[in-house]
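In what follows, a single structure is set out as C-alpha cells and then discussed.
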Amino acid sequence: HAKASGRNNYQFFKANMHAEAGHRMFVENGLRRALKRGEFVLHYQPKVDIASGAMTGAEALLRWHEPTLGLIGPAQFIPIAEQCGLIVPIGRWVLRQACEQVMSWQRAGLAVVPVSVNISALEFRHPLFIDEVSKILTETGIDPSHLELELTESVLMHDAESSATALEALKRMGIQLAIDDFGTGYSSLSYLRRFPINTLKIDQSFVRDIETDVDNATIVGAVIGMGRNLKQRVIAEGVETALQLSFLRREHCDEGQGFLFSYPLLPDALARLLKMPHAAVVA
Ligand code: C2E
Ligand code: MG
Ligand code: MG
Ligand code: MG
C-alpha cells in the first residue's frame with residue numbers, strides 16, 4: 001500500500017514537474033515575444049509626503065499585456081524572467097521607458113516627480129549595468145535626480161563590497177537609491193551606513209498590521225528612527241488604512257505608498273494628478 005501511494009506521489013510529482021517546466025517555457029517564449037511586440041506597460045504608483053500629502057514620486061511597476069490572457073502582474077512572470085535571464089533586456093526596457101515617461105511629462109509642462117524603477121539581482125550584477133544606465137540617462141536627457149533605483153537588501157548584501165562600489169558609481173551620476181522591502185532581508189547595519197542610500201522602504205508585511213501587532217509597530221518605529229539617524233528618508237509600503245497612516249504620522253515617517261493614497265495608475269491618470277496644484281494626493 002505504502003509502495004503504491006509512493007509511486008502515485010512520484011507520478012504526481014513527475015506530472016507536476018512537466019507541467020511546471022511547460023509553464024515556464026510557455027511564459028519564457030511569451031516574454032520574448034512581448035519584448036519584440038511591445039506588450040509591456042508600466043503603471044505608476046504615487047509616493048506621498050505624509051506630513052503634507054504632496055506627491056513626492058512614483059514607482060514604475062511592470063505589467064504584461066498578453067494579447068489573449070489580458071493584463072498580467074509581475075509576480076506571475078518576473079521570477080521566470082529572472083531564471084532565464086530575460087530580466088536583463090526587460091529591465092533595460094523598463095528603465096528606458098520610465099525615463100522617457102518622465103521626459104514626456106516634463107515636456108508637457110507638468111510638475112516633475114522622480115520615478116523609481118525596481119532592479120533585479122541579475123541586472124544589478126550585469127557587468128554593463130552602469131554603462132547601460134548612463135547611456136539611458138544621456139539618450140533620454142532625464143535629469144539623473146529624477147530617477148531612483150530600488151534594490152532589495154538581499155541583492156545588495158549578496159556581495160556587499162562590489163555593491164558598495166556600484167552604488168557609489170550610480171550616486172556619482174546623480175541617481176537616487178532606495179532599499180526596497182526593507183526588513184525582509186539580512187542587512188548588515190555597518191554596510192547600511194556605508195551604502196550611499198537615500199531611502200529605506202519598509203516592507204509592507206511590517207506595515208500591514210502595525211495597528212494590532214506590537215512587534216511590527218516596534219520594528220516600523222525602529223526603522224523610522226534609524227533612517228532619521230542615518231539621514232535616510234523612510235517610506236512605508238502598502239499603506240491601506242487611515243489607522244496605519246495615523247500611526248506613521250505619529251512616528252514621523254517621511255513618506256507612504258499604498259492603496260490608501262492610490263493604486264498604480266496608467267501614465268495619463270498619473271499626469272492628471274501631476275496637474276493638480278501641489279500634486280496633492282491625500283486630503
Ligand atoms: P515592490 O517593488 O515591493 O512593489 C510594491 C508592490 O506592492 C506592487 O505590486 C504594488 O502594486 C503593491 N502595492 C502597492 N500598494 C499596496 C497596498 O496598499 N497593498 C498591497 N497589498 N499591495 C500594494 P506589483 O506591481 O504586483 O509588483 C510586485 C513586485 O514585482 C514588486 O514589488 C517588484 O519586486 C516586482 N517588480 C515590479 N515591476 C518590476 C520591474 O519593472 N522590474 C523588476 N525587476 N521587478 C519589478
Ligand atoms: Mg519596489
Ligand atoms: Mg517593496
Ligand atoms: Mg516586493
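Considering (1) modelled with pLDDT of 95 or more; (2) in contact with a strand residue (DSSP E or B) (Cβ under 9 Å, 6 or more places away or on another chain); (3) of a type outside the set (A, V, I, L, M), the lone condition that E82 does not fulfil carries the number (2).
Take the residues in the range 207-243 that are assigned to a loop (DSSP other than H, G, I, E, B) and not acidic (D, E), then tell me which one is surrounded by the fewest Cβ atoms within 10 Å (Cβ to Cβ). Taking the candidates together, the pick is K231.
Number of residues in the range 70-84 that are farther than 20 Å from F182 by Cα and assigned to a helix (DSSP H, G or I): the value is 6.
Out of F195, F182, report the one residue that is surrounded by 16 or more Cβ atoms within 10 Å (Cβ to Cβ), within 15 Å of ligand 4 (Cβ to nearest atom), under 22 Å from K47 (Cβ atoms) and without any contact (Cβ under 8 Å) to a residue 60 or more places away in the chain.
Step by step, each of F195, F182 is checked, and only F182 is surrounded by 16 or more Cβ atoms within 10 Å (Cβ to Cβ), within 15 Å of ligand 4 (Cβ to nearest atom), under 22 Å from K47 (Cβ atoms) and without any contact (Cβ under 8 Å) to a residue 60 or more places away in the chain.
Note on the range 42-78: residues that are free of Cβ contacts under 8 Å to residues at least 60 places away in the same chain and either over 25 Å from T241 (Cα atoms) or crowded, with 19+ Cβ neighbours inside 10 Å (or both) amount to 15. Among the residues of the range 1-40, those that are at pLDDT 70 or above, of a type in the set (A, V, I, L, M, F, W, C) and out of contact with any Leu (no Cβ under 8 Å at 6 or more places or on another chain) comprise A19, A21, M25, F26, V27, A34.
For D213, the test of being away from ligand 2 (no atom under 16 Å from the Cβ) and charged (D, E, K, R) is passed. Cβ-Cβ distance below 8 Å, separation of 6 or more or different chains: which pairs start in the range 96-121 with a residue that is touching a residue at least 40 places away in the same chain (Cβ under 8 Å) and end on one that is within 16 Å of ligand 2 (Cβ to nearest atom) and of a type in the set (S, T, Y)? Short answer, once both residue conditions are applied: Q101/Y44; V113/T56; P114/T56; V115/Y44.
Here no strands (runs of 3 or more DSSP E) wholly within the range 111-206 include at least 3 residues being among the charged types (D, E, K, R) and out of contact with any helix residue (DSSP H, G or I) (no Cβ under 7 Å at 6 or more places or on another chain). Checking each residue in the range 217-265 for being of a type in the set (S, T, N, Q) and touching a residue at least 12 places away in the same chain (Cβ under 8 Å) picks out Q232, T241, Q244, Q257, S262.
Select from the range 197-240 the residues that are in contact with a Gly (Cβ under 9 Å, 6 or more places away or on another chain) and hydroxyl-bearing (S, T, Y) and write down the one among them that is nearest to G174 (Cα to Cα). Restricting to residues being in contact with a Gly (Cβ under 9 Å, 6 or more places away or on another chain) and hydroxyl-bearing (S, T, Y), the top hit is T199. Condition check for E100 on (1) in contact with a Phe, Trp or Tyr (Cβ under 9 Å, 6 or more places away or on another chain); (2) away from ligand 1 (no atom under 11 Å from the Cβ): one failure, at (1).
The residues in the range 244-262 that are hydroxyl-bearing (S, T, Y) and exposed (fewer than 12 other Cβ atoms within 10 Å of the Cβ) can be counted, and the count is 0.
One residue stands out in the range 175-221 among those that are within 14 Å of ligand 1 (Cβ to nearest atom), aliphatic (A, V, I, L, M) and out of contact with any Asp or Glu (no Cβ under 8 Å at 6 or more places or on another chain): the one that is nearest to A98 (Cα to Cα), namely L200.
Condition (residue is assigned to a strand (DSSP E or B), in contact with a Ser or Thr (Cβ under 7 Å, 6 or more places away or on another chain) and under 22 Å from L200 (Cα atoms)) applied to the range 85-103: is it met by at least one residue? Checking the range 85-103: not a single residue is assigned to a strand (DSSP E or B), in contact with a Ser or Thr (Cβ under 7 Å, 6 or more places away or on another chain) and under 22 Å from L200 (Cα atoms).
The values are calculated or read from the model by the stated rules, or taken from the named source; none is laboratory data. Please read all numbers here as calculations on a predicted model, not as lab measurements. All Cβ positions, glycine included, derive from the backbone under ideal geometry; neighbour counts span all protein chains shown.
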